[in-house]
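See below for the structure under consideration.
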Amino acid sequence: MSAEVLPPVLLVGCGKMGGALLAGWLERGLSRAVVVEPHRPSTEAYAHRVEVVPDAQSIPSGFVPEAVVLATKPQQAEDALPAYRPFARGGALFLSIMAGKTISGLDAMLDGAAVVRAMPNTPAAIGQGFTVACAGRRVSSAQKDLADRLLTATGEVDWVEAESLIDPVTAISGGGPAYVFLLAELLERAGIEQGVPPELARRMARATITGSGALLGRSAEDAAVLRKNVTSPKGTTEQALAVLMGERAWPDLVSRAIDAATKRSRELAQ
């Protein structure tokens, strides 16, 4: 068996993020997976490649996963997680991508478990995600390596020692795609307001966002330098930026937005 093949995984929840992870694992090579998902339509794309069950009680009795990935809704965790305690006692790694659920909280719900808490983002669906993870005290080096392998199947991964950093990570990286999509929305709307045909405005806004992101990803220069490269003195871009950054309007708004999201992430953990 290739070293690249992932060991047996139990995936709890197969929504957009859980499905993105599963697709990445299958592409990389997965020895076996059981998916707990009561809403069958969300698993149709994987129906012939994994076993899908509606609840924890339906997991095949002989199935022993090396990792249990928690991708269910956070508000369901308290009721759902106790059913998975036998896997914790069996030494499985628990990898949680649930927003707001702390390592200590998950540890308590599972009566002691090796827990890694991670925050991926939706570009994971196309293999270009960015995930930040934090390992609990019970996690061995081998389990941390397994978590890294599971997460890198959908993009880049970085690790932090301080779990408190997951809150701003959630605000910036986890929610970041929504902010970018909002910018695309606003550019499209502004184009239409200036008389650009709607279909052209839509294509132009999307191509500008994706092209700029690709340039940023390939460049070694700071984002500020790239911004200045586009901004000719006394030109059109300078005029637009004068509005966006006048009296620090846009920079302050972004800082306030990230602060609000970070605080909400901390509230959810209480």
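The values are calculated or read from the model by the stated rules, or taken from the named source; none is laboratory data. This one's a predicted model, so the numbers in the text were calculated from it and none came from an experiment. FYI the Cβ positions are ideal-geometry reconstructions off the backbone, even for glycines, and counts take in every protein chain you see. Surface accessibility is based on the protein's heavy atoms, side chains included, excluding ligands, DNA and RNA. Shrake-Rupley method; radii C 1.70, N 1.55, O 1.52, S 1.80 Å.
Need a quick list: helices (runs of 4 or more DSSP H) entirely within the range 202-270 having at least 1 residues that are closer than 20 Å to G174 by Cα, modelled with pLDDT of 95 or more and open to solvent by less than 90 Å² (accessible area, probe 1.4 Å).
Counting at least 1 such residues, we get 223-230, 249-268.
Residues of the range 56-84 being surrounded by fewer than 19 Cβ atoms within 10 Å (Cβ to Cβ) and of a type in the set (A, V, I, L, M, F, W, C), which ones?
Answer for the range 56-84, where residues must be surrounded by fewer than 19 Cβ atoms within 10 Å (Cβ to Cβ) and of a type in the set (A, V, I, L, M, F, W, C): A56, F63, V64, A80, A83.
Evaluate the range 124-140: report whether one residue or more is open to solvent by 60 Å² or more (accessible area, probe 1.4 Å) and part of a strand (DSSP E or B).
yes
May I ask you to list pairs of residues, at least six apart or on different chains, whose Cβ atoms are under 6 Å apart, with the first in the range 128-148 being within 14 Å of I166 (Cβ to Cβ) and the second being assigned to a helix (DSSP H, G or I) and acidic (D, E)?
Matching pairs, first to second residue: C134/E163.
So, in the range 152-180, of the ones that are open to solvent by less than 30 Å² (accessible area, probe 1.4 Å) and farther than 23 Å from I258 by Cβ, which residue ends up nearest to the chain's Cα centre (by Cα)?
By that ranking, first place goes to T154.
Name the residue that is farthest from I59 (Cα to Cα), counting only residues in the range 87-103 that are touching a residue at least 40 places away in the same chain (Cβ under 8 Å) and open to solvent by less than 10 Å² (accessible area, probe 1.4 Å).
Looking at residues that are touching a residue at least 40 places away in the same chain (Cβ under 8 Å) and open to solvent by less than 10 Å² (accessible area, probe 1.4 Å), I get G100.
I need the full set of residues from the range 2-25 which are open to solvent by less than 30 Å² (accessible area, probe 1.4 Å) and over 15 Å from A71 (Cβ atoms), in order please.
L6, P7
Specify which of the listed residues (V36, V53) is open to solvent by less than 50 Å² (accessible area, probe 1.4 Å), over 18 Å from the mean Cα position of the chain (by Cα) and without any contact (Cβ under 8 Å) to a residue 24 or more places away in the chain.
Every option except V53 fails the conditions.
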